[in-house]
Amino acid sequence: MGHPPLEFSDCYLDSPDFRERLKCYEQELERTNKFIKEVIKDGNALIAAIRGYSSAVQKFSQTLQSFQFDFIGDTLTDDEINIAESFKEFAELLHEVELERSMMVQNASDLLIKPLENFRKEQIGFTKERKKKFEKDGEKFYSMLDRHLHLSSKKKESQLQEADLQVDKERHNFFESSLEYVYQIQEVQESKKFSIVEPVLAFLHSLFTYNNLTVELTQDFLPYKQQLQLSLQNTRNHFSSTREELEDLKKRMKEAPLTCKLPGQPTIEGYLYTQEKWALGISWVKYYCQYEKEAKTLRMTPMDQKPGAKQSTLDLTLKSCVRRKTDSIDKRFCFDIETNERSGTITLQALSEANRRLWMEAMDGKEPIYHSPITKQEEMELNEVGFKFVRKCINAVETKGITTEGIYRTVGSNIQVQKLLNTFFDPKCPGDVDLQSGDWDIKTITSSLKFYLRNLSEPVMTYKLHKELVLAAKSENLDYRLGAIHALVYKLPDKNREMLELLIQHLVNICEHSRENLMSPSNMGVIFGPTLMRAQEDTVAAMMNIKFQNIVVEILIEHFGKIYSGPPEDTTAPPVPPPRVAARRHKPITISKRPLRERPIFFGASVEESGADRHIQTPNGSSSTEVPKPLHRSRLPAPRLGGDEPGHPPTEVRPLPRTEAEVGKMVARLQDGGVKSTSKAANGVVASPALRTSTLQAKRPAPRPGIYGREGECDGVPKPRSHGDKPVITRPPVRPPDPPCRTPVPPKLEQRPDLIAGAAEEMPSSVVASRTKFFETASRRTSNSSSPQGRIPGDES
């Protein structure tokens, strides 16, 4: 229940009931003062917390920006470049978000703290001063009245008249103070409704505006996120493929250490001990030796440096190498060499028998070389039976399971794979296997095909072209990649090119059903990169290039039609470009360098227009341009196109008649681009140039054309709702707010298609639709207010 009003007439009576009611007002004033102090205290704490959070995020952003990825090898894939730049992109995005937040925090004190402080000090503080004056004057009046009433009637008439005049003067002062106090305390009681709520509303509006901007940044971030996730998945797939090859290499190194001699490379290197004869005896000195077979040069670097001894690297030219007989020396694993630079023989000791065989084999030792009993699986050849096997496997896969999820990625039983291969490649009846029968499932067939291709004596894309293909995939120029690979394909031997075309055509067919089997060209490249291409040497460096082998296969799949439509005009591949120094032709994905999206003006002011003059209203009613305020809510009824209700014909709304000057002014504006020269549409609200105040997002470009929400939504802030949202809460009827703009409405706008079309040529279609919808709505509301029936009399259309 509210407080009863304080009548001014009660000030003259000063009754106990008046004092009791006045006391209730004073208690309410004190409670309001205490509440404002709490709001200011908590608001400052919230602003400080936001500043602290913003500082922590900025520190986190700086930490991300300071990190730089390192990599193995000489070149990164496009996906790896995207990943390497990701922390920088994250930091830029966080910086942009915190820039928005810092602007919001800068205005927070002006929006919330200062208005509340001003109201507490100026209004409540002034009321308390009035109260002190009221109590002081009342005490003075009643004390004088008591003395006056105790005066003796026997005093002189002049003294009594003088006393009466003094009492009347004090009574007048007291009544005047009482009136001022009652007026002030009731004014504060009424004005606090908007003077307190408006700053809180503006502060919340800034918070929600920031949240809305964060949502828009999230929408900008989503495409980058999806592309980065794809790059991460592709890189993870490359890593898995490389790791499998490295684990296989590590296993082979453990089982057969002789593979430390790299096939295809004439150089062998390692530690050897040399017998050196001194005056006091014989010693063995440790050297690190490197032998080049073609030049027959042996470089020996001493490892045991003795103090004072001058030992330098020896470069020798080999003449001969002979294994040292065991019974001729008390050391094991020895062999003798002769060089041009030294007379006599040099006795060397290897680390093991196997290591000695490797050195003697490289140096063409005279003793026969016995290789260790390493079991190696019999290599397959690219012959007629192999072509028959590949064709049968492809036909079976495309017939039985081209839509199988994870095809070629899921592996079959090793026993079944070996059984199928042994049966098909049986020398007695090669190729006599029906893969279309139910005896062989799809996983066994695909695994057998991969096994056959990986165990060819030479990969389909040959050792000779391996390095050139990898270099082409490492190029920064996407056109060069395609052109170089196109040319290199036609350098393959005929049977290899025929087999490659057969396989790539099959992989293209697989990728055409990627919606069902989930196998994209990138996934197929990960599977068939190491299958169709292999480095001749088994090294970690070669394994690190597997990701570029995958890219080669991916390019072959994506550009199959162009590559196999015929050889390029110049069959020689273009020269290999130098390592990446200049900027990439293929730019990495980015979000920080995107064009800024336009932002709506979220902070406006209560605009009142008198002719061309407009000003900003502050909570206490004075004019000011310092503190931005949120736009007034404007309830615009949703336009009904095509008819008001089912079964009723559409209603034509005619606006009120306009003066010739107003009509001419509007036509001129429409001809200039639909009020483009005087205002801009932001989210369906036509704002005035006077609204270009220094606000949080006044200078940001708009993200998308404005849209109308449901009835009751704020025009300045879009609030999309899904079908599952709760209905809008119906508010009690209030005084209709001022419209956001008082731009004259053109009469019968729907009958001027030429003007609408002229405006549409210069504006996006969605903006034109929004403005047309606004004019129709404003016209309907104007006509409804002018007629009790909601129509203009005589309008029966």
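The values are calculated or read from the model by the stated rules, or taken from the named source; none is laboratory data. Quantities reported herein were computed from a predicted structural model and do not represent experimental measurements. Cβ sites come from the backbone with ideal geometry, for glycine too, and all protein chains shown count toward neighbours. Surface accessibility is based on the protein's heavy atoms, side chains included, excluding ligands, DNA and RNA. Shrake-Rupley method; radii C 1.70, N 1.55, O 1.52, S 1.80 Å.
Here are the numbers for the structure shown:
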| read-out | value |
| --- | --- |
| Test result for residue 508, β-branched (Val, Ile, Thr), outside any helix (DSSP H, G or I) and either out of contact with any Cys (no Cβ under 6 Å at 6 or more places or on another chain) or without any contact (Cβ under 8 Å) to a residue 12 or more places away in the chain (or both) | no |
| Test: residue in segment 433-447 that is surrounded by 12 or more Cβ atoms within 10 Å (Cβ to Cβ), under 42 Å from the mean Cα position of the chain (by Cα) and of a type in the set (Gly, Ala, Ser) | yes |
| Criterion (modelled with pLDDT of 90 or more and acidic (Asp, Glu)) met by exactly one of 468, 384 | 468 |
| Helices (runs of 4 or more DSSP H) enclosed by segment 65-119 - at least 1 residues per element that are in contact (Cβ under 8 Å) with a residue 12 or more places away in the chain and over 25 Å from residue 471 (Cα atoms) | 86-108, 114-118 |
| Filtered residues of segment 497-517 (kept if within 22 Å of residue 448 (Cβ to Cβ), open to solvent by 10 Å² or more (accessible area, probe 1.4 Å) and out of contact with any Phe, Trp or Tyr (no Cβ under 7 Å at 6 or more places or on another chain)) | 498, 502, 509, 511, 513 |
| Matching residues in segment 58-101 - criterion: being more than 30 Å from residue 549 (Cα to Cα) and loosely packed, with under 15 Cβ neighbours inside 10 Å | 59, 60, 62, 63, 66, 99 |
| So residue 230, is it in contact with a helix residue (DSSP H, G or I) (Cβ under 7 Å, 6 or more places away or on another chain) and either within 30 Å of residue 42 (Cα to Cα) or open to solvent by 50 Å² or more (accessible area, probe 1.4 Å) (or both) | no |
| Test for residue 151: is it of a type in the set (A, V, I, L, M) and closer than 30 Å to residue 78 by Cβ | no |
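Quick grid of which residues meet (1) at pLDDT 85 or above; (2) open to solvent by less than 60 Å² (accessible area, probe 1.4 Å); (3) in a strand (DSSP E or B):
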| residue | (1), (2), (3) |
| --- | --- |
| 265 | no, no, no |
| 287 | yes, yes, yes |
| 301 | yes, yes, yes |
| 311 | no, yes, no |
| 335 | yes, yes, yes |
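Each row is one residue, and each column tells you yes or no for (1) open to solvent by 90 Å² or more (accessible area, probe 1.4 Å); (2) over 21 Å from residue 18 (Cβ atoms); (3) in contact (Cβ under 8 Å) with a residue 40 or more places away in the chain.
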position: 144; (1), (2), (3): no, no, no
position: 151; (1), (2), (3): no, yes, no
position: 158; (1), (2), (3): no, yes, no
position: 176; (1), (2), (3): yes, no, no
position: 181; (1), (2), (3): no, no, yes
position: 184; (1), (2), (3): no, no, yes
position: 200; (1), (2), (3): no, yes, yes
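Residues are listed down the side, and each one gets a yes or a no for (1) hydroxyl-bearing (Ser, Thr, Tyr); (2) out of contact with any Leu (no Cβ under 8 Å at 6 or more places or on another chain); (3) modelled with pLDDT of 90 or more:
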position: 35; (1), (2), (3): no, yes, yes
position: 48; (1), (2), (3): no, yes, yes
position: 63; (1), (2), (3): yes, yes, yes
position: 73; (1), (2), (3): no, yes, no
position: 77; (1), (2), (3): yes, yes, no
position: 84; (1), (2), (3): no, no, no
position: 88; (1), (2), (3): no, no, no
position: 96; (1), (2), (3): no, no, no
